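Note sheet for the following structure.
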Amino acid sequence: MPVRRLSSSVCCFAAALALLVSFARSETTPEAPAPTAEDRVRASVTFLASDEQQGRGVGTDGLNRAADYIAQQFTALGLNTSLYDGTPFQPFEIVTGAELGETQRLTWVPPSTANNAAPIELKFDQDFTPLALGGSANLDLPLVFVGYGITAKEHNYDDYAGLDVNGKAVIILRHEPQQANPHSVFNGTDDSPFAALTRKISNAYEHGAAAVIFCTDDYALRKDVSEGLNRIQTAVDDLRKAEDAFQAFESPSPVQIQEFHGQVEKLSTRLSELAKEAAAERDSLLHFQHGGQPGPGREIPVLHCTRRALDPVITAASGKTLAALEAEMDAGPAPRSRELAGWKVQGETQVHRTNVPVKNVVAVLEGEGPHADETIIIGAHYDHLGFGGEGSFVPHSQEIHNGADDNASGTAALLEVARLLATRPEKLGRRVVFIAFTGEERGLFGSAQYVRQPLFPLENTVAMLNMDMVGRLRDDKLIIQGVDTSPEFGVIVDKLNESAKFQLTKQPGGNGPSDHASFYPQNIPVMHFFTDLHDDYHRPSDDIDKVNFSGAERVARMVADSAVDIAALDVRPGYIAISAPVAPAGRGGSRPYFGSVPDFAQAQPGYALSGVTKGGPAEKAGLLAGDVIIKLGDSKIGNLDDFDSALRKFQAGDKAPVVVRRGEQELTFEVELEKPR
């Protein structure tokens, strides 16, 4: 209906009435008190660690909502957030998984000299399947059987000894020799590290193999069948017990009869399911995702094949069945590897890597004065584990891992530090860059990305302060790692703690499992703030109700005050390179010390370095940050797994030749390896 115009007297009356109501409200409803720092920390943790954010896992909508929330908070503080095409988001991608492509073909091709022998076509998802651990390829390769695919010099065992597998497809048995022998050098009846699929793939790649075809060993199949039969027998026994219990009733009631029939039906269904499972376990294929997700770097195809599909090839080429060769290997243990003369594998496998766009959230507070062009970075990662999976201490759980302490607490503290510094009446003497990193849980991806593409030059970045898990302060105990990475840090921390009253633990060095470790190899002193591990770490139980909000706020103040004091220094803080301590006898790792820091965000083939440890073997040999190792000894290197596997073939004191890609050049160095650290 049309709007009617009000008279001027009515308008005046309405305005007066509105003013009177407003006045009455102001008299009867006092303004709510401004939120305290603890309130702000609580509000941020509550938002970030709510179920709606889906555990802030890479690839979830909740991670993007968390990034938007952090960006809004930074912008509301008046920080500069127009840094990347007008946004605070530094974008990049992370490989999160793999999917099967449409084309999957595999054929065994017999030697041309074989009379009347026809190619053997395998059926996808029945005779073979690709694994997510591998990549895509068109296959036309000679076949080599390499037993269990193990090179273990410490056990005088090498399935590759005397074989040339370069450019060929290798057939590898799962697990390891002598699995039923409690005295086996391969960890008795339990799997040793040599049994891992990733270790076997790396070893094959190091020897130059162009494809890996796994086959389940006979012992594992017999064990699976035996366990399946045991489950069936248990179900049969339960059914008999139910029948005996029912027969004990002289005149069972209708309720007892109904209950018995329900039990019989339930147990019969279970028995049928177990029978189907037992049948499937006889030479079943591995699931596509078995063994984990693909890593960056190499694209070698990896497949799993049934024994029934492979045994004819082994028998035709060697005159022995797979089972016979396995028995001979177990008897030693002694390798029985061999070329399958004239036999080839042809076909095509398609595995598509899944790339997910992610983003760091960055904001800048400019300083003023003679050191305004120098930068202090303050950071915390905001991602977590999503619904669990890899990294979770409850790996089969599908519950939301909210990560209230890890690291909603650190992110909330970062926002509070930003508020404390942005609202100071005086400007700081140096620039502060606040970064909420992503991809930390998958391997420091976000901080590695920033180091590779910094907003401001790293040579003018004078300190990095990191917060990771600061929400469980107990008995005032605060851990700060890296105080010894600068001569000024100890003085600053001790002075501030006179009023902060923390029970401080100062851990040495600047390397560690959080984002500060990406900056320390760049000659940037670091401090990492942490309130210690707990039983809820990487579990669904790391939830909001267990966070000490006042404790996290106290840590935030300590970090903010540290940044103020660092920004006020007349000269930039010095950098002290701390080498990793030598482990006591019997306490170190199992591989010699190389002294390199991985660049987890580098996707090109090889092992990329974000830095080298001061005084370590790699630095002494001349390796630099940015180098990509493509060969160690005789082993090709496609990624970090390959490097780890190849390094374990050496001992402390060995001089290992290393080939690196540096820009457009390939350079060779000799690295003298040291004791494990």
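The values are calculated or read from the model by the stated rules, or taken from the named source; none is laboratory data. Please read these numbers as outputs of a predicted model, since none were measured by experiment. We place every Cβ from the backbone using ideal geometry, glycine too, and count neighbours over all the protein chains shown.
A few remarks follow.
- Within the stretch 432-455, not a single residue is more than 26 Å from GLU93 (Cα to Cα) and either of a type in the set (D, E, K, R) or assigned to a loop (DSSP other than H, G, I, E, B) (or both).
- Restricting attention to the stretch 538-551, the residues that are within 26 Å of the chain's Cα centre (by Cα), crowded, with 22+ Cβ neighbours inside 10 Å and not charged (D, E, K, R) add up to 1.
- Scope the stretch 375-411; condition in a helix (DSSP H, G or I), under 20 Å from VAL358 (Cβ atoms) and aliphatic (A, V, I, L, M); matching residues: ALA408
Each row is one residue, and each column tells you yes or no for (1) within 29 Å of the chain's Cα centre (by Cα); (2) on the phi > 0 side of the Ramachandran plot; (3) not assigned by TED's automatic domain parsing to the domain that holds PRO111.
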| residue | (1), (2), (3) |
| --- | --- |
| GLY147 | no, yes, no |
| ALA152 | yes, no, no |
| HIS155 | no, no, no |
| ALA161 | no, no, no |
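- Candidate set: the stretch 575-601, residues that are buried (at least 22 other Cβ atoms within 10 Å of the Cβ) and not in a strand (DSSP E or B); chosen: the one modelled with the lowest pLDDT: ALA601
- Residue count for the stretch 393-410 under the criterion of being more than 23 Å from HIS528 (Cα to Cα) and small (Gly, Ala, Ser): the result is 1.
- Filtered residues of the stretch 42-56 (kept if more than 20 Å from PHE387 (Cβ to Cβ) and buried (at least 21 other Cβ atoms within 10 Å of the Cβ)): SER44
- Within the stretch 63-115, the set of residues being of a type in the set (Lys, Arg) and under 30 Å from LEU141 (Cβ atoms) comprises ARG105 only.
- Restricting GLY86, GLY135, GLY78, GLY59 to those that are closer than 30 Å to PHE47 by Cβ and surrounded by 16 or more Cβ atoms within 10 Å (Cβ to Cβ) reduces the list to GLY59.
- Of everything in the stretch 387-402 that is crowded, with 24+ Cβ neighbours inside 10 Å and touching a Ser or Thr at 6+ places or on another chain (Cβ under 9 Å), the residue that is nearest to LEU48 (Cα to Cα) is ASN402.
- Residue in the stretch 390-409 that is among the polar types (S, T, N, Q), at pLDDT 95 or above and touching a strand residue (DSSP E or B) at 6+ places or on another chain (Cβ under 9 Å) present: yes
- Qualifying residue in the stretch 463-470 (condition: touching a residue at least 60 places away in the same chain (Cβ under 8 Å), surrounded by fewer than 23 Cβ atoms within 10 Å (Cβ to Cβ) and not hydroxyl-bearing (Ser, Thr, Tyr)): no
- The number of residues in the stretch 192-211 being in a helix (DSSP H, G or I) and either farther than 15 Å from ARG174 by Cα or charged (D, E, K, R) (or both) comes to 4.
- So VAL362, is it closer than 30 Å to GLU440 by Cα and either in a strand (DSSP E or B) or modelled with pLDDT under 95 (or both): yes
- Scanning the stretch 482-510 for residues that are closer than 29 Å to GLY611 by Cα, surrounded by fewer than 20 Cβ atoms within 10 Å (Cβ to Cβ) and polar (S, T, N, Q), we see that the one that is modelled with the highest pLDDT is THR505.
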